[in-house]
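Heads up, the thing below is written out as structure tokens.
The values are calculated or read from the model by the stated rules, or taken from the named source; none is laboratory data. Everything quoted here is computed from the prediction, not taken from an experiment. As a convention, Cβ positions derive from the backbone with ideal geometry for all residues, glycine included, and neighbour counts pool all protein chains shown.
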Amino acid sequence: MTTAAPSHEAMADPPAGAGDAPATEGRRIARALLRDRGAVLSTAFLGLVVLMAICAPLISAVTGHGPNDFDPAAVDTNLGGLPRGSFGGVSADHLLGVEPQNGRDILARIAYGARVSFLIAISATVLTTLLGVVLGLLAGFYQGWVDQVISRIMDFLMAFPALIFMIAILSSLPTGDRSVLLVTVITVFGWPYLARVVRGQTLTLVNREFVEAARASGASTGAIVFKEILPNLRNSLIVMTTLAVPGYIGTEAGLSFLGVGVTPPTPSWGQMISSAVSWYATDPMYFAVPGLFLFLTVLSLTVLGDRIRAASDAGEAS
Amino acid sequence: MARYVAGRLAGLVFLLLLVCVFTYLIFFKLSPDPALMICGKTCTPDRVAQIRASLGLDKPFLTQLWDYLSGLVAGRDYGSGPNLVHCPAPCLGYSFQSSQSVTQMIVDRLPVSATVAVGAAVLWLIVGIAAGLLSAVKEGSWWDRTAMGLALGGASIPNYVLALTLQYVLVVKLQILPFPSAVPFSEDPLLWFQSYLMPWLVLATGYACLYARLTRANVIDTLAQNFMRTARSKGLSPALTMRRHALRPALTPIVTIFGMDFAALLGGALITETVFGLNGIGKMAADSIAKNDQPVIMAVTLLAAFFVMAGNVVVDLLYTGLDPRVRVS
């Protein structure tokens, strides 16, 4: 948005050469991101967290503390179970300290919690994107009654007080696989926000000359949708999905914080923060560590999404 | 115009009805039997049947739904004979937990939620729009970069993390604020202000950051328009071009978003109210969900949906007034 002289190629490029465009466009955005300190730092932090999540068992093996292993030696029963040592029991043995009372290793729980958070957020993003793109395309492409039906469903879902409803549904549903339930609930209430944008863009794209040209030259509906319309939605989809992941990480953490997310002993960041509430005055580290991880992860993803948008906008500006 | 308003209102009523049916269906079909929960551990089948009858849970689903809806519009009677209780319209039933009238519970708690929402809204509008305007005018300056960096950061803090951090720093460590409690204004204005300050700050932070970014983007877009160039070339001072020409088109989209955000907040700031223990609609929602208190869950869902939809309609009507390009015929 700041400098970057708008490249006219992207606009002037006839759709016939669209097959060539994605590679250069992608490379241009990647170059812009590499030059941006915020984007590089965010990517580095996200890489670290993802690595932690993938290597969670390895971390446990090296430190010798599983996510659910109690360590009574690390807490002081005379002080109501507060961790021994300063900063919530940070030591060479427990790098990020321990939980009060039972002495579970916070590093191990953060690593395993990252798995849960990312898995849920990414699955929910994939599903909402899929649903949003398909339904948004259908509504925008066919219009008429199809559009009416889909748009009314979207209105209905967006009018719902989603958070209250998610909590209510999650608390009343039988205890099954909480992660699957969370993903389902997030998806059901999440797709309209993406579908609305896809629909709007499709509506304008359908009337553009190149789509008309494709139609006149006898292209099938499938070809028009996949070769002409979808590639033009790519940029906004990339931006929306990168911004959706931090949103869903926050939602998952929020629901777990309110006690309707993943059930113990499975660790999740939101749940760790929630159980730290009663200790925040005496053991602030217990709350600060998962809080900081959650904050930095959401921030990194948001910064990254923001920079990708700026880079792709700079390419689109005419 | 009148036809448009009537159409929108009819749509609102229809959507509310749908939300009502859908919510009713889910809670009364899926969740565990409330009669069993009320009955407790020492329970006999007779007692359960008695409770079910008194709550009207023994009737078929559609009858229950009809009773609920007609109670909402015209009031309804519970029980029979000497135990007859009349619940005047709008009747939302009685809490399974406390046997209080749900309508009364909402009336009692709405002021708290409204105080939280209004205070936070004032804060985030002033801070967000001012910061966004300054950033747009001084685009690319250190102020712009700092403010926008902070805005990204502020928008990324989950509000319960911020709430606990503030509580730790301001209440436990520095002890400059009391622990929040919903003190009425008339009782002690200073304590009232102090106890609502943290909820306001927590809620306003995320929105202020969002609004600052939005305002900045809109104003920059507007400043690049042809009519702005014309205004400048006529020799108007920068302040005047800003006030007379730029602000209105740049801020109308903010009105839309503000209307919806504010309406959603009136339905209860669930997390903030829960963390700070403020007895508003949001906390009532959380409590009722935890205790499976279905009439209360129904009521808060409906109330929140009503606020969101009504907010939508109000925003659309306001918009036609603010932006001549979208006037309806």
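A few remarks follow.
- Of all the residues in region B:44-70, those that are assigned to a helix (DSSP H, G or I), of a type in the set (Val, Ile, Thr) and surrounded by fewer than 16 Cβ atoms within 10 Å (Cβ to Cβ) number 1.
- Scanning region B:110-123 for residues that are hydrophobic (A, V, I, L, M, F, W, C) and in a loop (DSSP other than H, G, I, E, B) turns up nothing.
- Test result for residue A:311, of a type in the set (Gly, Ala, Ser), touching a Ser or Thr at 6+ places or on another chain (Cβ under 6 Å) and more than 10 Å from chain B (Cβ to nearest Cβ): no
- Screening region A:161-217 for residues that are in contact (Cβ under 8 Å) with a residue 12 or more places away in the chain and of a type in the set (D, E, K, R) and picking the one that is surrounded by the most Cβ atoms within 10 Å (Cβ to Cβ) gives A:199.
- The residue of region A:238-271 that is surrounded by the most Cβ atoms within 10 Å (Cβ to Cβ), among those that are out of contact with any Gly (no Cβ under 9 Å at 6 or more places or on another chain) and more than 10 Å from every other protein chain (Cβ to nearest Cβ), is A:263.
- Those residues of region B:251-294 which are within 13 Å of another protein chain (Cβ to nearest Cβ), of a type in the set (S, T, N, Q) and assigned to a loop (DSSP other than H, G, I, E, B), in sequence order: B:292
- Residues of region A:218-234 classified as in contact (Cβ under 8 Å) with a residue 60 or more places away in the chain and in contact with a Leu (Cβ under 9 Å, 6 or more places away or on another chain), total: 5
- Within region A:285-300, the set of residues being polar (S, T, N, Q) and either facing chain B (nearest Cβ under 8 Å) or crowded, with 24+ Cβ neighbours inside 10 Å (or both) comprises A:297 only.
- Yes/no for residue B:201 being surrounded by 17 or more Cβ atoms within 10 Å (Cβ to Cβ), within 13 Å of another protein chain (Cβ to nearest Cβ) and of a type in the set (A, V, I, L, M): no
- Residue match in region B:9-16 (condition: touching a helix residue (DSSP H, G or I) at 6+ places or on another chain (Cβ under 7 Å) and modelled with pLDDT under 80): no
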